[in-house]
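Q: I have a structure I would like to understand better, so I am pasting it below and will then ask my questions one at a time.
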Amino acid sequence: QVQLVESGGGLVQPGGSLRLSCASSTSIRAIYIMAWYRQAPGKQRELVALINNGGMTNYAHSGEGRFTISRDNLKNMVYLQMNTLKPEDTAVYYCKAAYQGRAYWGQGTQVTVSS
């Protein structure tokens, strides 16, 4: 079992920044892939970024150049630094862990980009 808890969401103006955090109950050294997804109202959940336990990252086109995913193995944390936020980034952001053949999700954190 992996429990994930996201934090760091909130209301931010267009052009602003937020850093989302995901705390894992399981050592993330053992978790092959950690990822951030988001789901906007009326839309399907979509991948934002992922990082494997070798540090390799991959980003959805929507976040390339603006978002950075990182992991801290000592703290069992995964982060998503989001810069130059746009109204279309408004969504609930979820942390996901791929561990021993199963997917685990956090409860999500709301990000709202609005003036």
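Q: Report yes if some residue within segment 91-111 is in contact with an Asp or Glu (Cβ under 8 Å, 6 or more places away or on another chain) and loosely packed, with under 15 Cβ neighbours inside 10 Å; otherwise report no. Break it down stepwise before answering.
A: Of segment 91-111, the ones in contact with an Asp or Glu (Cβ under 8 Å, 6 or more places away or on another chain) are 93-95, 106-109, 111.
Add one more test, that the residue is loosely packed, with under 15 Cβ neighbours inside 10 Å, and what stays is 107.
The answer is yes; a qualifying residue exists.
Q: Report yes if G55 is at pLDDT 95 or above and open to solvent by less than 50 Å² (accessible area, probe 1.4 Å), otherwise no.
A: no
Q: So, in segment 58-71, exactly how many residues are closer than 18 Å to S7 by Cβ and open to solvent by less than 40 Å² (accessible area, probe 1.4 Å)?
A: Within segment 58-71, residues that are closer than 18 Å to S7 by Cβ and open to solvent by less than 40 Å² (accessible area, probe 1.4 Å) number 2.
Q: If you scan segment 88-103, which residues turn out to be polar (S, T, N, Q) and free of Cβ contacts under 8 Å to residues at least 40 places away in the same chain?
A: Q100
Q: Mind listing whichever residues of segment 77-87 are more than 12 Å from the chain's Cα centre (by Cα) and either open to solvent by less than 40 Å² (accessible area, probe 1.4 Å) or without any contact (Cβ under 8 Å) to a residue 40 or more places away in the chain (or both)?
A: Residue satisfying the conditions is L85 alone.
Q: Taking the options I28, I33, name whichever one is surrounded by 13 or more Cβ atoms within 10 Å (Cβ to Cβ) and either of a type outside the set (A, V, I, L, M, F, W, C) or more than 26 Å from E88 (Cβ to Cβ) (or both). Full working, then the answer.
A: Details: I33 fails: either of a type outside the set (A, V, I, L, M, F, W, C) or more than 26 Å from E88 (Cβ to Cβ) (or both).
Just a single option satisfies the conditions, and that option is I28.
Q: Go through segment 36-52 and count every residue that is of a type in the set (A, V, I, L, M) and open to solvent by 60 Å² or more (accessible area, probe 1.4 Å).
A: Summing the residues that are of a type in the set (A, V, I, L, M) and open to solvent by 60 Å² or more (accessible area, probe 1.4 Å) in segment 36-52 gives 0.
Q: So which residues in segment 1-33 are closer than 11 Å to N76 by Cβ, assigned to a loop (DSSP other than H, G, I, E, B) and of a type in the set (G, A, S), if there are any at all?
A: Within segment 1-33, S25, S27 meet the criteria.
The values are calculated or read from the model by the stated rules, or taken from the named source; none is laboratory data. Predicted, not measured: the structure shown is a model, and the values here were computed from it. FYI the Cβ positions are ideal-geometry reconstructions off the backbone, even for glycines, and counts take in every protein chain you see. SASA here: full protein model, heavy atoms, side chains in, ligands and nucleic acids out. Shrake-Rupley method; radii C 1.70, N 1.55, O 1.52, S 1.80 Å.
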